[in-house]
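Enquirer: The structure follows.
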Amino acid sequence: MMRKARAERKTKEVEVSVSIDLDGGDYEVGTGIPFFNHMLETFAKHAGIGLKLKARGDIEVDEHHTIEDVAIALGEAIKTALGDKKGIARFGDAILPMDDAVAMCGVDVSGRGYFNFEGSVGDVKGMKAENFVHFFDTLCRNAGINVYLQLKGMNAHHTMEAAFKAFAKAFSEAIEIRGEDVRSTKGVL
């Protein structure tokens with residue numbers, strides 16, 4: 001089973017290309033936003049996936065368009081790489097502490113995209129709190145996954161990083177191959 005995919009997105013504001021391998025590989029990320037690069041690299045590392053992602057956007061305006069379009073393209077690549085979802089565990093969860101912060105995340109690779117967020121996070125250089133939430137919401141809708149994320153902490157860098165790591169661990173568990181059937185009484189996801 002090949003669980004690889006590519007996605008591209010080009011608008012007047014942003015150009016994104018993504019290659020993903022859900023079964024592992026190297027990662028290389030370049031978005032023009034150093035903190036966002038760090039978060040995407042953290043996701044790839046802790047999810048155990050291969051990820052090549054390049055984005056060029058109008059970051060002189062702000063980071064919103066680039067973060068949004070990366071989420072769209074990454075979500076599309078994940079959805080394509082998952083294919084019919086046969087054999088995947090479907091569900092995953094993680095509790096991840098990082099210094100003063102803790103993130104709790106549950107993932108359901110259901111085919112339906114929904115993001116539920118509880119907690120608060122502050123802005124960091126290159127990534128406003130609102131764009132952090134928007135990234136996950138957009139990613140979930142485009143990947144067709146449900147994610148519940150709860151955050152607590154004082155340091156914005158730590159809370160965001162804990163969130164990406166918890167999501168990575170839960171996602172990794174949810175996409176793990178554990179058989180041949182589809183984990184749904186409906187027969188499809």
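The values are calculated or read from the model by the stated rules, or taken from the named source; none is laboratory data. Remember, it's a predicted structure, so these values are computed and weren't measured experimentally. Counting neighbours? That spans all protein chains shown, and the Cβs are built from the backbone with ideal geometry, glycine included. The accessibility values were calculated without ligands, DNA or RNA, using every heavy atom of the protein model including side chains. Shrake-Rupley method; radii C 1.70, N 1.55, O 1.52, S 1.80 Å.
Enquirer: Under a 1.4 angstrom probe, counting protein chains only, how are Lys79, Lys165 ranked by accessible area, largest first?
Expert: These residues rank, largest area first, as Lys79, Lys165.
Enquirer: If you don't mind, another one. With a cap of 10 neighbouring Cβ atoms within 10 Å, and only residues DSSP puts in a loop, list the GluC sites (Glu not before Pro) found in the range 1-96.
Expert: Hits after loop and neighbour filter: Glu60.
Enquirer: Continuing with this model, one more query. Taking 7 Å along the Cα-to-C-beta vector as the label spot, tell me the Glu180-Thr80 distance in nanometres, rounded to one decimal.
Expert: Between Glu180 and Thr80, the simple spin-label model gives 2.8 nm.
Enquirer: A further question on this structure: Using the C-alpha gyration tensor of the range 13-55, what are the square roots of 5 times its eigenvalues, in whole angstrom, with the largest one first?
Expert: For the range 13-55, the semi-axes come out at 18, 12, 6 Å.
Enquirer: May I ask you to give the percent of accessible area on the chain that is carbon plus sulfur, with a probe radius of 1.4 Å?
Expert: Details: 4320 of 8800 Å².
Its accessible area is 49 percent carbon and sulfur atoms.
Enquirer: Would the range 1-81 count as rounded, prolate or oblate if I go by the C-alpha gyration tensor, calling it rounded below 1.5 in a/c and otherwise prolate when a/b exceeds b/c, oblate otherwise?
Expert: Working: a/c = 2.66, a/b = 1.53, b/c = 1.73.
It comes out oblate by the Cα gyration axes.
Enquirer: Report for the range 35-189 the percent antiparallel among DSSP-assigned beta bridges with both residues inside it, nearest 5.
Expert: 75
Enquirer: Rounded, prolate or oblate: pick one for the range 64-122, where a ≥ b ≥ c are the square roots of the eigenvalues of its C-alpha gyration tensor, a/c under 1.5 means rounded, and failing that, prolate if a/b is larger than b/c, else oblate.
Expert: Verdict is oblate for the range 64-122.
Enquirer: I need to check one value: relative contact order of the range 57-189, counting alpha carbon pairs closer than 8 Å and at least 6 residues apart, in percent.
Expert: For the range 57-189, the relative contact order is 38 percent.
Enquirer: Cβ under 12 Å from Leu189's Cβ, Leu189 left aside: what net charge do those residues give with Lys, Arg +1 and Asp, Glu -1?
Expert: Once all neighbours under 12 Å are counted, the net charge is +4.
Enquirer: A further question on this structure: If the chain between Arg6 and Asp26 were fully stretched, how many nm would it gain, using 0.36 nm times the residue separation less the Cα-Cα distance?
Expert: 5.7 nm
Enquirer: Need the full-extension length gain, Gln150 to Val133, defined as separation in residues times 0.36 nm minus the C-alpha distance. One decimal, nm.
Expert: Additional length available on full extension: 5.0 nm.
Enquirer: Find the Rg to Rh ratio for the range 79-189, where Rh is the Kirkwood radius over alpha-carbon pairs and Rg uses the same atoms.
Expert: 1.02
Enquirer: Counting only other residues whose beta carbon sits under 13 Å from that of Gly113, what net charge do I get with K and R as +1, D and E as -1?
Expert: Net local charge, Gly113 excluded: 0.
Enquirer: Step through the residues of the range 168-175 one at a time and calculate ³J(HN,Hα) from phi using the Karplus curve (6.51 cos²θ - 1.76 cosθ + 1.60, θ = phi - 60°), rounding each to whole Hz and writing x for Gly and Pro.
Expert: 4, 5, 5, 4, 4, 5, 5, 9
Enquirer: Across the range 21-32, in residue order, what do the Karplus-derived ³J(HN,Hα) couplings come to in whole Hz, using 6.51 cos²θ - 1.76 cosθ + 1.60 with θ = phi - 60° and x for Gly and Pro?
Expert: Going residue by residue, I get 10, 5, 9, x, x, 7, 10, 8, 10, x, 10, x Hz, with x marking Gly and Pro.
Enquirer: Sticking with the crude label model, points 7 Å out along Cα→Cβ, report the distance from Ile95 to Val61 in nm, one decimal please.
Expert: 4.2
Enquirer: Okay, next question. How much net charge surrounds Lys86 when only other residues with a Cβ under 14 Å from its Cβ are counted (Lys, Arg +1; Asp, Glu -1)? All intermediate terms of the calculation are to be shown ahead of the outcome.
Expert: Details: positive: Arg3, Lys85, Arg90, Arg178, Arg183, Lys186; negative: Asp84, Glu176, Glu180, Asp181.
Net of charged neighbours comes to +2.
Enquirer: How large is the Kirkwood hydrodynamic radius of the chain, counting all unique pairs of alpha carbons, in Å?
Expert: Values: mean 1/r = 0.0613 Å⁻¹.
One decimal place: 16.3 Å for the Kirkwood radius.
Enquirer: Once amide H atoms are built 1.01 Å from N in the peptide plane, which residues 5 or more positions from Asp58, or in another chain, come under 5 Å H to H?
Expert: Amide H to amide H, under 5 Å and 5 or more residues apart or across chains, Asp58 pairs with Thr66.
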